[in-house]
Amino acid sequence: YQAVAASFSRVSPRVSASAMTLGAGPGRLLRLVHRPLARPGVAVAATLVLIDAVKELPLVLMLRPFGFTTLS
């Protein structure tokens, strides 16, 4: 969450105001301005979540009961 929040907070309000002055609506503003500027932060956050999930996977496989399949 912190990587995504930091990425979106890095986008200046002046950029949003300029885009809205030029006629961009809220959806277009998000799609064409905010999303490309926040993409690196979102990629870092997704990578951290993936690494943390893969790191915990062997522990889950070792601690599961024998002959019992769980959702995880």
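On the chain, 70 percent of the accessible area sits on carbon and sulfur atoms, based on a 1.4 Å probe.
Taking all protein chains as they are arranged and a probe of 1.4 Å, the heavy atoms of Leu29 leave approximately 20 Å² accessible to solvent.
Taking loop as defined by DSSP and a crowding limit of 15 other beta carbons within 10 Å, which chymotrypsin sites (Phe, Trp or Tyr not before Pro) in the chain fit?
Sites meeting the loop and neighbour criteria: Tyr1, Phe66, Phe68.
Magnitude of the charge dipole for the chain, about its Cα centre and with charges confined to Cβ atoms of Lys, Arg (+1) and Asp, Glu (-1), is about 340 debye.
The values are calculated or read from the model by the stated rules, or taken from the named source; none is laboratory data. It should be emphasised that the depicted structure is a prediction, and the values quoted were computed from it without experimental measurement. Virtual Cβ from ideal backbone geometry, glycine too; neighbours counted across all protein chains shown. Just the protein is used for accessible areas: all its heavy atoms, side chains included, with ligands, DNA and RNA removed. Shrake-Rupley method; radii C 1.70, N 1.55, O 1.52, S 1.80 Å.
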